[in-house]
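As structure tokens, the structure follows; a few thoughts come after it.
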Amino acid sequence: MPDNTSTATLSLGGKSYELPVHSPSVGPDVIDIRKLYAEADVFTFDPGFTSTAACRSTITYIDGDVGELLHRGYPIDQLAEKSHFLEVCYLLLYGDLPSAAQLEDFETRVTRHTMLHEQMQYFFRGFRRDAHPMAIMVGVVGAMSAFYHDSTDISDPWQREVAAIRMIAKMPTIAAWAYKYSIGQPFVYPNNRLDYAANFLHMCFAVPAEDYVVDPILAKAMDRIMMLHADHEQNASTSTVRLASSSGANPFASIAAGIACLWGPAHGGANQACLEMLREIGTVDRIPEYIARAKDKSDPFKLMGFGHRVYKNFDPRAKVMKSSADEVLALLGIEDNETLKVATELERIALEDEYFVEKKLYPNVDFYSGIILNAMGFPTSMFTPIFALSRTVGWISQWKEMITDPEQRIGRPRQLYTGAARRDYVEVEHR
Ligand code: SDX
């Protein structure tokens with residue numbers, strides 16, 4: 001735990017208040033304001049938490065100025081090149097890269113939890129066929145609380161471990177079954193002979209009527225996409241999971257809350273919105289029209305897949321995703337992909353435009369991911385579910401960290417109240 005290396009002095013109302021300052025292992029110092037209200041009778045004000053650290057964490061570090069993303073200290077571009085998703089899951093969950101024996105044991109444990117309780121399939125059938133897969137995931141994951149009672153006691157380390165493995169193992173099955181249900185095809189059960197990403201593709205694209213062999217190139221690309229989405233510090237959906245869990249809510253309910261938050265187009269829903277935007281632009285010659293709209297304050301349109309609260313430089317995940325998009329499309333023989341042309345030209349034009357330069361808006365993780373997923377055969381409605389199944393390990397790792405953090409209490413922000421002062425009730429005849 002970092003020591004207090006100094007103090008900050010706040011002068012307010014003729015008084016001075018000494019506030020502890022904690023220094024991290026890397027990144028900005030933090031001013032500890034936990035006693036501020038008790039001592040100075042004031043709140044701080046930070047809508048959107050732009051300057052607020054909500055917790056201590058050792059899991060992921062982002063340097064937005066240089067475009068760096070570290071998982072337990074390891075750079076994402078090295079992990080994307082040299083590791084694979086389940087190894088990154090182990091790293092995020094347990095703090096370091098596993099030995100060969102540890103990795104084998106972890107992969108075996110995950111593989112043996114990929115099936116859902118058979119009764120759960122009837123839960124899917126309650127949805128309309130045209131339900132968005134994210135709506136199904138929110139509902140089914142929340143319902144896991146009703147099926148896996150033996151891993152809901154968050155005070156029991158063993159139950160926390162079982163819940164973590166179950167979530168990571170079962171999320172691809174839930175996402176794949178949400179997809180199958182939406183296209184009217186039968187559910188395909190997990191196949192434990194396949195690795196994690198290949199198993200997901202098999203459950204999505206196999207049909208009982210014929211054999212389906214997963215293309216190893218697509219499985220590798222899918223595994224890389226999962227790695228790139230695994231965790232990202234205290235983003236909105238992770239903060240949602242932490243806040244929901246801070247009340248003692250069980251892990252399945254808390255992860256369901258995270259899925260709901262991720263769905264928004266400003267967050268994980270941006271990958272779907274981005275591909276839909278690229279398709280709406282359609283051709284390179286229409287890009288200036290949309291750039292102008294993005295800059296027009298009277299127009300709510302934003303370039304989806306662009307901008308980030310933390311990154312004020314390239315999102316390192318976008319760089320890896322871009323090279324993966326080029327690779328997958330070439331391998332699939334999809335040469336003149338108009339959508340990729342529009343995306344590449346849109347990025348080039350935007351990065352030369354003073355509006356985007358001044359506001360430090362760069363492509364984020366969602367800008368190219370949809371192009372790869374679309375090339376793989378996924379509908380846009382499956383883009384955010386794939387983000388959710390990939391981010392589950394991040395949510396769970398942060399959840400585990402929070403549960404065992406002695407400083408954590410129920411999250412309960414205050415407010416800057418600007419409503420009516422006390423006033424007495426007025427009977428309707430006197431209004
Ligand atoms: C993810 O937090 C995470 O780590 C998230 C994530 C993760 O892995 O968990 O990285 C995943 O959610 C990536 C972001 C996906 N969302 C989008 O691509 C949607 C489009 N982007 C924007 O909505 C926006 O950039 C956000 C939501 C991503 C960030 O919003 P902020 O930090 O609140 O920034 P802002 O909206 O205040 O923008 C600052 C300025 C504004 O202009 P001014 O009011 O200062 O004049 O930049 C402008 C914005 O209007 N701006 C954009 C823009 N993004 C910001 N203008 C045009 N197009 C955009 N995309």
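The label-point distance for E161 and D130, in a model that sets each label 7 Å from Cα toward Cβ, rounds to 4.8 nm. Our analysis of segment 82-129 gives Rg over Rh at 1.22, with the two radii drawn from alpha carbon positions and Rh computed by the Kirkwood formula. Taking a sphere under 12 Å around the Cβ of L278 and counting the other residues whose Cβ falls inside, with K and R at +1 and D and E at -1, yields a net charge of -3.
Checking every one of the trypsin sites (Lys or Arg not before Pro) in segment 252-361 against DSSP loop status and a limit of 10 other Cβ atoms within 10 Å picks out K297.
Exceedance of the 23 Å cut-off in Cα-Cα distance is limited, within the set K295/K360; K220/K319; K180/K341; K302/K341; K322/K360; K319/K400, to K180/K341; K319/K400. Each 5 Å bin from zero holds the following percent of Cα-Cα pairs in segment 313-383: 3, 16, 25, 25, 16, 9, 4, 1. Extents of segment 1-122, largest first, come to 64, 40, 24 Å (Cα atoms, principal axes, whole angstrom). Net length available on complete extension from H149 to Y212 is 19.2 nm, with 0.36 nm assigned per residue and the Cα-Cα distance removed. For all pairs of alpha-carbon atoms in segment 365-406, what percent lies in each bin of width 10 Å, listed from the first bin to the last filled one? Going from the shortest bin to the longest, the percentages are 26, 38, 21, 13, 2.
To the nearest 0.05, what FRET efficiency results for T44 and D77 with a Förster distance of 60 Å applied to their C-beta separation? Please report the intermediate quantities before stating the final value.
On the way: r = 36 Å, r/R0 = 0.59.
With a Förster radius of 60 Å, E is 0.95.
Here K82 is the anchor, and the aspartates and glutamates within straight C-alpha reach of less than 16 Å, apart from those fewer than 8 places off in the same chain, are D96, D223.
Computing FRET efficiency as 1/(1 + (r/R0)^6) for Q408 and Q119, where r is the C-beta to C-beta distance and R0 is 25 Å, gives about 0.15. Between T7 and E276, the contour length at 0.36 nm per residue exceeds the alpha carbon distance by 91.9 nm. The Cα-based radius of gyration of segment 335-376, divided by its Kirkwood radius, gives an Rg/Rh of 1.04. The rule of thumb for compact globular proteins, 2.2 N^0.38 Å, goes into the C-alpha radius of gyration of segment 276-347 1.22 times. Here E429 and K341 are evaluated by their C-beta separation; at R0 = 60 Å the FRET efficiency comes out at 0.30. If the chain linking Y94 and A54 were pulled fully straight, counting 0.36 nm for each residue of separation and taking away their Cα-Cα distance, it would gain 12.3 nm. Cross-link partners for K15 among the lysines, with Cα-Cα distance under 30 Å and sequence neighbours closer than 8 places in the same chain left out: K35.
With q set to 0.11, 0.18, 0.21 Å⁻¹, the log10 of I(q)/I(0) for segment 165-284, from the Debye formula over equal scatterers at the Cα positions, is -0.49, -1.14, -1.29. Volume per residue for the chain equals 207 cubic angstrom (convex hull of Cα atoms). Spherically averaged projected area of the convex hull of Cα atoms, segment 54-191: 11.0 nm². Dimensions of segment 213-317 from C-alpha coordinates, computed as largest minus smallest value along each principal axis and given longest first, are 52, 45, 24 Å. Quick one: among A421, A54, A206, which has the greatest mean-square fluctuation in a GNM of the chain with alpha-carbon springs under 10 angstrom? Ranking A421, A54, A206 by mean-square fluctuation puts A421 first. Model label sites at V66 and Q415, defined 7 Å from Cα along the beta-carbon direction, differ in position by 4.2 nm. Sparse packing (at most 14 other Cβ atoms within 10 Å of the Cβ) combined with a DSSP loop state is found for the following chymotrypsin sites (Phe, Trp or Tyr not before Pro) in segment 241-318: F301. Over the Cα atoms of segment 313-431, the radius of gyration divided by the Kirkwood radius equals 1.25; this is the Rg/Rh ratio.
Readers should treat all values here as calculations from the given coordinates under stated rules, not as data from a laboratory. Just so you know, these numbers come straight off a predicted model, no measurement behind them. Because the Cβ atoms are built from the backbone with ideal geometry, glycine has one as well, and the counts that use them run over all protein chains shown.
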